[in-house]
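The values are calculated or read from the model by the stated rules, or taken from the named source; none is laboratory data. As the structure is a prediction and not an experimental result, all values here were calculated from the model. Cβ: placed from backbone, ideal geometry, glycine included. Neighbour counts: every protein chain shown. The accessibility values were calculated without ligands, DNA or RNA, using every heavy atom of the protein model including side chains. Shrake-Rupley method; radii C 1.70, N 1.55, O 1.52, S 1.80 Å.
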Amino acid sequence: MSNPLAPPSGMLAELTYRCPLSCPYCSNPLEMAGRQAEMSTDEWKRIFSQAAEIGVLHAHLSGGEPASRRDLLELVAHCAQVGLYTNLITSGVGLTKPLFEALVAAGLDHVQLSIQDAEADSADWIGGYQGGFAKKIEVARWVADSGMPLTVNAVIHRANILRAAEMVDFAVKLGARRIEIAHTQYYGWALLNRAHLMPTREQSETAYAAVEARRAAYKGRIVVDHVAPDYHAKYPKACMSGWGRLTFNVTPTGKVLPCHAAETIPGLEFWNAREKSLAECWADSPGFNAYRGTDWMKEPCRSCERKNEDFGGCRCQALALAGDASATDPICSKSPLHHRIGEIAARDSAEKVEGFTQRRLTREKVADKV
Ligand code: SF4
Ligand code: FES
């Protein structure tokens with residue numbers, strides 16, 4: 001018997017797919033809607049009001065780059081008015097000091113700043129934006145000076161993994177209270193670029209140990225959230241803390257989804273907050289209910305003692321790697337396909353690092369490398 005559905009606690013609002021950076025591991029979809037298709041200010045405000053009504057506590061304002069929206073200030077002010085805790089997830093590029101100060105005055109609660117590396121040349125190369133690294137240092141200073149809590153987020157892959165621990169040092173210098181060291185999750189653009197992003201097992205293990213050592217060394221100064229490298233793990237992560245369990249995403253065009261890549265799963269029906277209430281999308285959308293809880297699971301997950309811990313891993317990864325979204329995530333060592341993960345990781349980590357397909361709003365047709 002499944003537990004009654006709890007209200008969601010968090011909402012990731014992807015305000016826009018527009019972004020000045022072009023990171024090759026972007027979690028946005030490969031086909032992205034442009035400005036014309038984005039929801040209006042009033043539509044977003046209505047959705048934030050509904051979110052607060054159904055129990056959402058945290059609104060994570062993301063993108064793309066949320067500062068690409070001219071109405072960001074108005075949206076933050078509205079979130080604050082309806083009682084949502086607002087977290088601005090930003091590259092820093094596109095923010096100005098007056099805008100940041102206005103956001104603070106409007107009630108912004110928290111900033112999460114992405115970094116691409118701990119050194120300028122590499123960071124600007126990975127993000128595809130000259131001067132981005134310097135801009136982030138400037139933005140971090142504004143945030144620290146304002147007294148607002150700052151989290152730094154660093155996505156780790158083969159081009160920066162040797163400096164994973166230095167990124168923790170860098171975050172401390174920036175005045176961050178928390179850093180997320182997130183080894184790349186391979187869906188969306190990261191899956192497309194997997195051969196250029198995959199580190200070797202040795203690199204992963206060395207970086208993992210170095211970051212853990214920093215965590216101990218900086219205890220009490222900065223919190224280190226460390227997402228382990230998927231392809232070199234024994235068990236999968238509870239992707240999104242479980243499908244449709246705690247949080248949901250709203251895309252720039254109003255689709256309500258359980259995760260970034262859910263639309264890659266064929267045959268699932270997701271509803272749009274332009275047409276239905278958030279409460280309906282959360283509780284009744286067939287796509288949400290397809291993989292909620294544990295009733296949908298097959299073996300080995302069905303009888304596994306970890307099924308309420310990791311919820312069978314990532315549905316989108318199961319689709320991408322096993323061809324079946326209801327299969328055990330092949331990252332799991334109990335999956336009959338697990339041996340393939342080691343083979344893929346070994347093959348991809350042997351490729352050259354050059355040649356990313358940089359994330360673009362309109363992408364040219366690229367060969368399916370998966
Ligand atoms: Fe998780 Fe399924 Fe693996 Fe068990 S068998 S550890 S539930 S993915
Ligand atoms: Fe969709 Fe993990 S990204 S469930």
- Of the residues in the stretch 312-357, those that are of a type outside the set (D, E, K, R), without any contact (Cβ under 8 Å) to a residue 24 or more places away in the chain and within 22 Å of Ser27 (Cα to Cα) come to Ala318, Leu321, Ala322, Gly323, Pro330
- Task: Please go through the stretch 24-58 and pick out each residue that is assigned to a loop (DSSP other than H, G, I, E, B), open to solvent by 20 Å² or more (accessible area, probe 1.4 Å) and within 25 Å of Gln116 (Cβ to Cβ).
- Result: Tyr25, Cys26, Ser27, Pro29, Leu30, Glu31, Met32, Ala33, Gly34
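Scan Lys352, Lys334 and give me the residue that is at pLDDT below 95, open to solvent by 60 Å² or more (accessible area, probe 1.4 Å) and more than 24 Å from Gly64 (Cβ to Cβ). Walk me through it before giving the result.
Working: Lys334 fails: at pLDDT below 95.
Of Lys352, Lys334, the one residue that is at pLDDT below 95, open to solvent by 60 Å² or more (accessible area, probe 1.4 Å) and more than 24 Å from Gly64 (Cβ to Cβ) is Lys352.
What residue, among those in the stretch 222-262 that are on the phi > 0 side of the Ramachandran plot and assigned to a loop (DSSP other than H, G, I, E, B), is farthest from ligand 2 (Cβ to nearest atom)?
Within the stretch 222-262, the subset on the phi > 0 side of the Ramachandran plot is 240-242, 244, 254.
Restricting the remaining residues to those that are assigned to a loop (DSSP other than H, G, I, E, B) gives 242, 244, 254.
Numbers: Gly242: 9, Gly244: 10, Gly254: 19 Å.
Checking each candidate, the answer is Gly254.
I need a count of the residues in the stretch 16-69 that are basic (Lys, Arg), closer than 26 Å to Gln185 by Cβ and at pLDDT 95 or above. Full working, then the answer.
As a first pass, look at the stretch 16-69 and keep what is basic (Lys, Arg): 18, 35, 45-46, 69.
Filter once more, keeping what is closer than 26 Å to Gln185 by Cβ: 18, 69.
In the following step, the residues that additionally are at pLDDT 95 or above were identified as 69.
Summing the residues that are basic (Lys, Arg), closer than 26 Å to Gln185 by Cβ and at pLDDT 95 or above in the stretch 16-69 gives 1.
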- Note on the structure: Looking across the stretch 308-325 at residues that are more than 26 Å from Ser22 (Cα to Cα) and open to solvent by 20 Å² or more (accessible area, probe 1.4 Å), the single one that is farthest from ligand 1 (Cβ to nearest atom) is Gly323
- Filtered residues of the stretch 269-293 (kept if assigned to a loop (DSSP other than H, G, I, E, B), in contact (Cβ under 8 Å) with a residue 40 or more places away in the chain and surrounded by fewer than 20 Cβ atoms within 10 Å (Cβ to Cβ)): Arg274, Ser277, Arg292, Gly293
- Task: Could you list all residues from the stretch 161-192 that are assigned to a helix (DSSP H, G or I), surrounded by fewer than 20 Cβ atoms within 10 Å (Cβ to Cβ) and within 16 Å of ligand 2 (Cβ to nearest atom)?
- Result: none
- Of (1) modelled with pLDDT under 95; (2) open to solvent by 50 Å² or more (accessible area, probe 1.4 Å), Arg214 fails just (1)
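Every residue in the stretch 176-216 that is hydrophobic (A, V, I, L, M, F, W, C), closer than 17 Å to Ala118 by Cβ and more than 16 Å from the chain's Cα centre (by Cα), please.
Step one: filter the stretch 176-216 for residues hydrophobic (A, V, I, L, M, F, W, C), giving 176, 179, 181-182, 189-192, 195, 197-198, 207, 209-211, 213, 216.
Filter once more, so that each one left must be closer than 17 Å to Ala118 by Cβ: 176, 179, 181-182, 207, 210-211, 213.
Ala176, Ala207, Ala210, Val211, Ala213 - these are the residues of the stretch 176-216 that are hydrophobic (A, V, I, L, M, F, W, C), closer than 17 Å to Ala118 by Cβ and more than 16 Å from the chain's Cα centre (by Cα).
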- Message: Residues to consider are Leu150, Leu75, Leu99; find the one that is buried (at least 20 other Cβ atoms within 10 Å of the Cβ), over 20 Å from the mean Cα position of the chain (by Cα) and of a type in the set (A, V, I, L, M).
- Response: Leu75
- The number of residues in the stretch 229-268 that are away from ligand 1 (no atom under 14 Å from the Cβ), closer than 19 Å to Ala318 by Cα, of a type outside the set (Gly, Ala, Ser) and open to solvent by less than 40 Å² (accessible area, probe 1.4 Å) is 7
- When Tyr208 is evaluated against the numbered criteria (1) touching a helix residue (DSSP H, G or I) at 6+ places or on another chain (Cβ under 7 Å); (2) of a type in the set (Ser, Thr, Tyr); (3) not in a loop (DSSP other than H, G, I, E, B), which criterion, by number, is the only one it fails? (1)
- Kindly provide the set of residues from the stretch 316-330 that are assigned to a loop (DSSP other than H, G, I, E, B) and within 12 Å of ligand 2 (Cβ to nearest atom), ordered by number. Ala325, Ser326, Asp329
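In the stretch 50-88, how many residues are among the small types (Gly, Ala, Ser) and out of contact with any Leu (no Cβ under 9 Å at 6 or more places or on another chain)? Talk me through it step by step, then tell me what you get.
We begin by selecting, within the stretch 50-88, every residue among the small types (Gly, Ala, Ser); these are 51-52, 55, 59, 62-64, 67-68, 77, 80, 83.
From what's left, out of contact with any Leu (no Cβ under 9 Å at 6 or more places or on another chain): 55.
Adding up the residues that qualify gives 1.
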- Query: If the Cβ limit is 6 Å and pairs must be 6+ apart or interchain, which residue in the stretch 1-20 that is among the hydroxyl-bearing types (Ser, Thr, Tyr) and open to solvent by 10 Å² or more (accessible area, probe 1.4 Å) pairs with which residue that is at pLDDT 95 or above and assigned to a loop (DSSP other than H, G, I, E, B)?
  - Reply: Ser9/Leu57; Ser9/Leu246; Tyr17/Pro252
- The number of residues in the stretch 298-315 that are outside any helix (DSSP H, G or I) and under 14 Å from Cys239 (Cβ atoms) is 6
